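Enquirer: One structure is given below, represented as structure tokens, and several questions about it will come after.
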Amino acid sequence: MGSVLRLHKEADNNIKDWTGGVNRAYGSDVIEQIQDPGGARADKEITSIPSPFARVDLARSAFHYVADKKDLDGKTIYHKLVSDCLDIGEIFFNYDKLADKLEIIVWDKKKEISKLENSSIDAHQILGQTLKMYLEQDAEAYNFDRMDKIFLLRYKGPGKKGDMDIIGATSPRTLFFSSANDLAYCSEQLRPSGKDKPFDDEYSPLYQRDFKFQKYLYALRVSYGETKFAHDFPEFNSYLQESRRRLTDEQKDELEKMDEKSINEFPVFSIGSNTVEVIGISLHKGTAIDPDEMRSDFFIASNIYQGRRPLVLPVKTGNTYTDLRYVQDNWQDENAAPYLDNRELDERNLPFTADRYPYLTISDFLTPTVILMPYEISGAFFNGNQQDDEKSFLLPVKDTFFKFFTPKELMGKMPDGKNMIDMREFGSGSVEVTLRIPIQRGRYIEYVREYRKTDGEVREAANEGRVIEKKFGLGVMPLVDYAAIGAKPFYRVAFFAKSKNSKLHFAGDGACSVKAHAIRSEAETTCSIESYVLEENFNRIYVEIDKVKNVALPILKSYGTAAKYTFAVDFGTTNTHIEYSVDGGRASYAFDIKSTDQQMQRMHVDYKSDRDLEYAFLDAFIPNTVGDNDDYAFPMRTVFAESAKIDYRKPTESLADGNIPFRYEKSPIPQYNRPKTDLKWSNDDAQRIELYLDNLFLLMRNKVVLGGGGLENTKIVWFYPVSMTKARCTRFADIWKKLYKKYFGEPTKEKLVIMSESVAPYYYYKRDLGAKSNVVTIDIGGGTTDVYVVEDNKPKMLSSFRFAANSVFGDGYNFPPRSNGFVNTFKSDIQGALQANKQNELINAYKSIESTENSTDIIAFFFSLASNKAFKGTNVPIDFLEMLTKNDKLKYTFVVFYGAILYYVAKMMKAKGLALPQTLAFSGNGSKTLKVLSTDKETLAKFAQLIIEKVYGEKYTGVTLEVIYEDEPKLATCKGGISCKENPSYEDVDKLKTSLLGIDEKQFTTDYHYDKIKSDEINAVAKMVSEFIDFLFAINDENKNFFVDSLATDASVIKNVKEICKEDLVEYTKQGLEKKLEEIKSWGMGNDAEIEETLFFYPIVAMLSNLARKIK
Amino acid sequence: MSKLYVFGIGGTGSRVLKSLTMLLASGVECKADTIVPIIIDPDDSGADKTRTIELMNQYMAIHSKLEDNEGSTNKFFKTEIKPVDGMTNFIFPLKNTRNCKFKDFIEMSQLDKESLALVNMLFSEKNLNSDMKVGFKGNPNIGSVVLNQFAGSQEYKDFANGFSAGDRIFIISSIFGGTGASGFPLLLKTIRTDKSSQAWSIISKARVGAVTVLPYFNVEEDENSGVDSATFISKTKSALAYYERNISQNGSIDALYYLGDNVKATYENHDGGSKQQNKAHLIELAAALSVLDFAATPEEKLAEGTQHYEYGLETTKDPKQQVLFQDLGKISRNAIQGPLTQFILMNKYLENSRARQSKHQPWAIDNKLDKNFFNGDFYAAVEKVQKAYYEWLHEMATNERTFKPFNEERTNPLFDIVNGKSASKYYPHLFTRNYALVDSILNTRWPNWNKAATREQKFMEIFYRATKDLVEHKYNM
């Protein structure tokens, strides 16, 4: 240690007293030698420079120190100062990118000093004088004399501290200098390039910065003149030189090529009328990245997106992505994109570089809230790779995701085998969702969000998700990828929400509009009943509940289209049947829905205690399965449940505004539905029929599509009653054609086959039951009876009349339903049996049917009980047919009923000169009641033979009359329709069509019009019926009390029966005619219409009802 | 008859002024006839400042009683110390710094946007919010504005009006603190450029010297304090670079004295105020010597251009050891050892109650130095100065680097008091020792001179002559 009282060491130690020895001021040599025990690491800012421009000097010192030490990567306070100054330089350079967060304030030396000096405030004068004094006195050291302006950067972005956050400015000595304040608060907001974060503790030397910025500084130097630059900015210049040495050879070569004009690659930096300059050197700025020239490994890897590819950025720090190129440089490990950016995609600046370029982050893909459903998800919908038997989640994926990826991709995997999405449940009902977004080079960005049950606010910006629990039912019908099979889509989407403010939206590759949205019932105490009708392809469903929107992905499947389906549809008055066969096979089957071709695919396996959701599917759509072994099977009741709110003046859709209620006669009718029966001959809107048939068509079409059938190969046979006029029949045919066209394609004669209801059963009996050559088929339905006569295998006659099962069980024309004989006779027994078996649901079903006061519906219900699966196995089975069989009084109505039919048929055949028939083949649901007459076919044949022989006035000789019928007689029509190879045309059938007018034994209805019917004719009909009653009872009398002995009727009332049968026949005829005219009118025809059928049965309809009421 | 205006800026300025006053009180030679101290320190309550002012006021009181004394050889309190006319307590008053933040001082809220932006750029939030009551807490950049109240002030005018051709200016400041570091360049710039006074042409060309004191002590670490000695060195280095460019190179200073020490004591950390009372230090003594050196530098030498000086000791021994007189350079040693020893002998003699009890001594009786005299104001002032002198010595002796020329605590035997120097026999008085010897010398050597002299003058003359005699004979100084 020397004896001179000083801090530095290497100097003359021979100095004694104040005798000189130093011949100049302490300069850098001395300053260098002064050892700083605190090091230059001191974190407190150096402020010991006695000048208001201390900060300018400190920047100068810092550049000097760092360049002089040739250590650019140190950690001293000087390195921090240099780094901060370069940050300011880079912010100026990238001003355009950051302009929304910054303002440049221009301090004009002359103007501002003068303002201060002339201020009325003393302190301002002092400030002005001081600044002026230092600017003058220290001019040489800092180029103050050549400085006209200082350009100051004011930060005004997020987190600003006040209205005047000045972060840095231009410096006449080092080009830029920074504020002494801790600027970390605006660090994130002002990242000029992806690499460096300004003002942080990671000091960044120039050579490690954005090379574009470096080039700019060197270009500035070259353009100014290197010697001049070195003179005016010596410390900065030395630093540039030191920095340059550390560049790669490539970079050095690039700098080597620069000349004075290189600076022109960068636009001059102007603010208003001011060019931003430092002692006369104009500063320039970096051009914004040209989006077309963007190169990045973070481009989204999408196969479908057509626009400018956005970047997908990680939201977690770490080195997972540091080998990938971001914008100029690789992604930095401390970088993490914000969780949420509220700007439009095109309005976004990239984080850390501020380049205007679209990027995506987690909240663009994942919703803030996920909906939990307390039901197990079915295989029909994608479960997000989350497995739970108790509950399931919707997919918290936003629509933006699907701009880039398909639902199929979401269900798929990444190149490394990981799922694109994973949902992992934790805790109770919380879920962690991981979404992997593919980027370039086979990589992906992994986004993870935890959703928890919380009552708090959604904090999307903090990546905190929320779980809410909601209950609803959802199903898609059918679950078919129509785009894949190239067919027009017809979808029904069932939605039953238990929350108000629930809605579905659909989307596919293209726009997907909802054709119709029917709400039969709003969510109240039970779920809503909603149906979405879509005729466009979709691949995802957005479920929106209480403003939370999640996605449900149905797993749509495609099937083959090679199979050929044939359907025969027997749209009956009371029952309807569909039979089908595949690929022309001999076997045919009643229409069914198996678990393998389930038409409505529900999202959930079951709804546990939420029975309302389960019932909603059944009541408003269809059961999962339909078939022989199910609760629900064809043939089934012809009934249509339409919405209580339906308005036929507006467009309506089946399975939306109404549907076939498979639970009819089995369960009570829900409030929102109005079941309608008697569709076929209804006087009401014809649109209901169309809607009903539309429903049948949808079922058939779905069957075809799900069964791998070709739509255009599908054949549909439908049946018309001969009793319909041609005009009416044509209108029916139009509906069928329209529906065929809608669902299957252009209808040709071969594809859409129209067949007479009368003819079809013949083919069945002929082919399957070996009917002889002279055959009469009598098909007794609910509303019509069709008769077809074939002699020597040739069609000879055909007739159809509105006299069938309903004529027996109905209320005539205007008898009060409450007095219906059948209902009143059996009601209490049946109710008792239901109660005994505790069939509450059936009791309720009965009550709702009874409330319609339609006797035929009630009787149909009675009949349905025998085939009710739920009821079959119980202790007290109810077989209504058997009950009828045992009632020997009411049996008279059946004697009269069948007697009338046989009498009329025989009369007609005789009038046509046809031979005695050998086979009487009965079909149709109505013919089931043949068993009421007798379970012995020979007895039945005898009854028929007696009638035919008496009409013909001749006896069967050598041959016997045979009666055949089916246990399921309804099927004969359809089966015949399917197997028929030589379907007679309408015209041929029309020629065979025969009807006696009903006034005598000769007069046919040919060319007879309704307006011709006057009182003479009416009286004649009544007379003929009266004669028939005499005829019928004569058979009994003439054949040893045949009714009582062979058919087991009650002998005590027989006279009474005959009397009742003769009551009011004229009146009944009139009533029948009026009813007919009303019906005709409702079909748009006048009284001049051709007569469709015989008038013979008109009085008998009322007679039978009257008989049933009175017979006791 | 030249005057030397000595600006003492900040705490260091006051402490060096104190050392200077001590030297002058003990009779160290000063080439200037008059020293005009001016204290610039916004720290109103600074203990260093108040101690110095008090001392200088005592000095003035004593000096004023000793003037116009024909035939006197006394050098105690010889050089005149006096304030600028119109200045109270040597203080250059600074306005509006009491309980005032810098941002309020400059009335920042009233500034235009542009100037507001500049101020926000140049000064940190900490700068703007610093309370200037106790100086600038190591923020000389704000000091450079606040202290700039010279120009146009009445006090500056008073200073200028009293300035004559041939008068010189000396500025004392530390480089690592706040007030001194900023006040120095600012004052210098003002002296060179201010044209508000009529005397500006003389002043702007006046010879200006300055001592800039580099770090020589540390302060205890204190998170809450604005003073952090860890930054002393880095601040010093920055400021030195600034001085090089903006003080030396532009020729605005004529002589610049650098001083500092690597051996450092650690002081308690006080931002300022009444607690900032640092012990006197050898460095301050050396700084005081630079004032005297500047006063003695001939005009011709200064005309050569800016002179730069460092201060060297004679010794090369371990700096942890005590510095004694013989460790000083010859010039310093010769200049101060005699006067300081004379003054300590006088101190010891008066201190150890000999004076009052010696009223019966001939030197007292003959000169009418009776009870009234010893109870009077003059003697009280002498006692106070002596007490301060003792403290000053004691502080230096217990500081680091340690300057301990005396065993100042020791009272007996008196002549063992000079460290490193054994007292010689005084032949005429071989048998009189210790305080008796002093009495003896006082009695025999009291001067036969101007009978018209006042008692105060006689008292001082007797003691000066006696101690000089003793110093010469006992220590060969």
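The values are calculated or read from the model by the stated rules, or taken from the named source; none is laboratory data. All of these numbers come straight from a predicted model, not from anything done at the bench. Every residue, glycine among them, receives a Cβ derived from its backbone with ideal geometry; neighbour counts consider all protein chains shown. Accessible surface is based on the protein model in full, side chains and every heavy atom, while ligands, DNA and RNA are left aside. Shrake-Rupley method; radii C 1.70, N 1.55, O 1.52, S 1.80 Å.
Enquirer: Skipping prolines and chain starts, which residues have an amide H placed within reach, meaning under 5 Å, of the one on A:SER270, given they are 5 or more residues away or on another chain?
Expert: Counting only residues 5 or more places away or on other chains, the set is A:VAL276.
Enquirer: Can you give the mean number of other chain Cβ atoms that lie within 10 Å of the Cβ atoms in peptide A:125-138?
Expert: What the average comes to for A:125-138 is 6.
Enquirer: How big is the Cα convex hull of chain A in projection, averaged over all directions, in nm²?
Expert: On the way: hull surface 253.8 nm².
Across all orientations, chain A yields a mean hull projection of 63.4 nm².
Enquirer: Ranked from highest to lowest mean number of other Cβ atoms within 10 Å per residue, what is the order of the peptides A:1008-1020, A:80-92?
Expert: Peptide ranking by packing, descending: A:80-92, A:1008-1020.
Enquirer: Of the listed peptides B:20-30, A:1064-1074, A:698-708, A:257-267, what is their order by residue-averaged count of other C-beta atoms within 10 Å, with the highest listed first?
Expert: Result, highest mean first: B:20-30, A:698-708, A:1064-1074, A:257-267.
Enquirer: Across peptide A:116-124, how many C-beta atoms of other chains are within 10 Å of each residue C-beta, on average?
Expert: 4
Enquirer: Separate question: Near the amide H of A:VAL397, under 5 Å away, which other amide H atoms are found, from residues 5 or more places off or on another chain, if H is placed in the peptide plane?
Expert: A:THR367, A:VAL551
Enquirer: Here's something else I'd like to know. Among B:409-415, A:595-601, A:860-866, how do they line up from the highest to the lowest mean number of other beta-carbon atoms within 10 Å?
Expert: Answer by packing, highest mean first, reads A:860-866, A:595-601, B:409-415.
Enquirer: Oh, and also: So if I average 1/r over every pair of distinct C-alpha atoms in chain B and take the inverse, what Kirkwood radius in Å does that give? Don't skip to the end; give the middle numbers.
Expert: Working: mean 1/r = 0.0425 Å⁻¹.
Taking the inverse mean of 1/r over all distinct Cα pairs, chain B comes out at 23.5 Å.
Enquirer: How large is the charge dipole for the stretch B:333-475, taken about the Cα centre, if only the Cβ atoms of Lys, Arg (+1) and Asp, Glu (-1) carry charge, to the nearest 20 debye?
Expert: Working: 22 positive and 16 negative charges, 72 e Å.
The dipole of the stretch B:333-475 has a size of about 340 debye.
Enquirer: How far apart, in nm, are the 7 Å Cα→Cβ label points at A:ASP100 and B:GLU54?
Expert: 6.6
Enquirer: Calculate how steeply helix A:234-245 sits against the longest principal axis of the alpha-carbon atoms of chain A, using the helix alpha-carbon long axis, and give the answer as 0 to 90 degrees to the nearest 10.
Expert: Value to nearest ten degrees: 60.
Enquirer: While we're here: Got a sec? Which residues in the stretch A:531-570 would a label at A:HIS517 touch, if it sits 7 Å along Cα→Cβ and we count backbone N under 19 Å?
Expert: A:531-554
Enquirer: Toward the positive end of the charge dipole of the stretch B:386-448, about the Cα centre and with charges on Cβ (Lys, Arg +1; Asp, Glu -1), which of B:PHE431, B:PRO413, B:ASN399 goes farthest?
Expert: Farthest towards the positive end: B:PHE431.
Enquirer: Of A:LYS928/A:LYS975; A:LYS115/B:LYS195; A:LYS889/A:LYS1075; A:LYS645/A:LYS847, which pairs sit farther than 26 Å apart, going by alpha carbon to alpha carbon? Could the numbers behind the result be given before it?
Expert: On the way: A:LYS928/A:LYS975 17 Å; A:LYS115/B:LYS195 21 Å; A:LYS889/A:LYS1075 29 Å; A:LYS645/A:LYS847 22 Å.
From the list (A:LYS928/A:LYS975; A:LYS115/B:LYS195; A:LYS889/A:LYS1075; A:LYS645/A:LYS847), the Cα-Cα distance tops 26 Å for A:LYS889/A:LYS1075.
Enquirer: Mind checking the mean number of beta-carbon atoms from other chains within 10 Å of the Cβ atoms in A:603-614?
Expert: Per residue, the number of nearby Cβ atoms from other chains is 0 on average.
Enquirer: Still on this structure, please answer the following. For the stretch A:303-361, with only Lys/Arg (+1) and Asp/Glu (-1) charged at the beta-carbon, what is the dipole magnitude about the Cα centre, in debye rounded to 20?
Expert: 180
Enquirer: Moving to a separate point now. For the stretch A:89-130, just the Cα atoms, rotate onto the principal axes and tell me the three extents in Å, largest first.
Expert: Here the spans come out as 41, 16, 14 Å, largest first.
Enquirer: How long are the semi-axes of the ellipsoid equivalent to the stretch A:1022-1090, from square roots of 5 times the Cα gyration tensor eigenvalues, in whole Å, largest first?
Expert: That gives 36, 11, 11 Å for the three semi-axes.
Enquirer: Which percent, nearest 5, of DSSP beta bridges in chain A are antiparallel?
Expert: That works out to approximately 75 percent antiparallel.
Enquirer: Could you give the nm distance between label points at A:THR957 and A:LYS115, where each point is 7 Å from its Cα heading toward the beta carbon?
Expert: 13.9
Enquirer: Using the Cα atoms as the points, what is the convex hull volume per residue of the stretch A:461-540 in Å³?
Expert: That works out to 128 Å³ per residue.
Enquirer: Net charge near A:GLU432: determine it from the other residues with C-beta under 10 Å of the C-beta of A:GLU432, scoring Lys and Arg +1 and Asp and Glu -1.
Expert: 0
Enquirer: Modelled label-to-label distance, A:GLU1027 and A:SER282, 7 Å Cα→beta-carbon offset: nm?
Expert: Once both label points are built, they end up 12.2 nm from each other.
Enquirer: Roughly how many Å² is the accessible area per residue of the protein assembly as shown, as a whole number, for a 1.4 Å probe? Let's see the in-between values first.
Expert: Values: 60280 Å² over 1589 residues.
Each residue of the protein assembly as shown exposes 38 Å² on average to a 1.4 Å probe.
Enquirer: Here is a further query. When each pair of different Cα atoms in the stretch B:1-89 is counted once in the 1/r mean, what is the Kirkwood radius in angstroms, to one decimal?
Expert: Evaluated on the stretch B:1-89, it is 13.3 Å.
Enquirer: Considering amide H positions built from the backbone, and no H for Pro or chain starts, which residues 5 or more places from B:THR402, or on another chain, come under 5 Å of its amide H?
Expert: Amide H neighbours of B:THR402, under 5 Å, 5+ apart: B:VAL323.
Enquirer: I've got another one for you. List the aspartates and glutamates whose Cα lies under 12 Å from the Cα of B:LYS320, skipping any in the same chain that are fewer than 8 positions away.
Expert: B:ASP261, B:GLU400
Enquirer: Next question, about the same structure. With unit charges on the beta carbons (Lys and Arg positive, Asp and Glu negative) and the dipole taken about the Cα centre of the protein assembly as shown, which residue among A:PHE402, B:GLN386, A:VAL753 sits farthest to the positive side?
Expert: Checking the options against the dipole of the protein assembly as shown, the answer is B:GLN386.
Enquirer: Which residue, chosen from A:VAL315, B:LEU23, B:HIS360, occupies the Cα position most advanced towards the positive end of the dipole of the protein assembly as shown, where the dipole is computed from +1 (Lys, Arg) and -1 (Asp, Glu) charges on Cβ about the Cα centre?
Expert: About the Cα centre, the residue reaching furthest to the positive side is B:HIS360.
Enquirer: Summing -39500 (n - 2.57) over the DSSP H runs of n ≥ 4 in chain A and dividing by its residue number, what mean residue ellipticity at 222 nm do you reach, to the nearest 500 deg cm²/dmol? Could the numbers behind the result be given before it?
Expert: Numbers: 35 runs with 367 residues, N = 1112.
Here the helix-only value at 222 nm equals -10000 deg cm²/dmol.
Enquirer: Something else: Past 27 Å, Cα to Cα: identify those pairs from A:LYS160/A:LYS197; A:LYS741/A:LYS796; A:LYS16/B:LYS31; A:LYS910/A:LYS942, in the order given.
Expert: A:LYS741/A:LYS796
Enquirer: Whole percent per 10 Å bin, from 0 to the bin with the longest distance: what is P(r) over all C-alpha pairs of the stretch B:333-475?
Expert: Taking all Cα pairs of the stretch B:333-475, the binned fractions are 11, 42, 35, 11, 1 percent.
Enquirer: Tell me, what is the FRET efficiency for A:GLN387 and A:THR596 to the nearest 0.05, using R0 = 30 angstrom and their Cβ-Cβ distance as r?
Expert: The calculated FRET efficiency here is 0.80.
Enquirer: Let me ask you something else. Assigning unit charges at the beta carbon (Lys, Arg +1; Asp, Glu -1) and nothing else, what dipole magnitude in debye, to the nearest 20, does the protein assembly as shown show about its Cα centre?
Expert: Value, rounded to 20: 1300 debye.
Enquirer: Then there's this: Residue by residue through the stretch A:86-97, which ³J(HN,Hα) values in whole Hz follow from phi under the Karplus form 6.51 cos²θ - 1.76 cosθ + 1.60 (θ = phi - 60°), with glycine and proline marked x?
Expert: Working through the residues one at a time gives 5, 4, 4, x, 6, 5, 4, 5, 9, 3, 4, 5 Hz.
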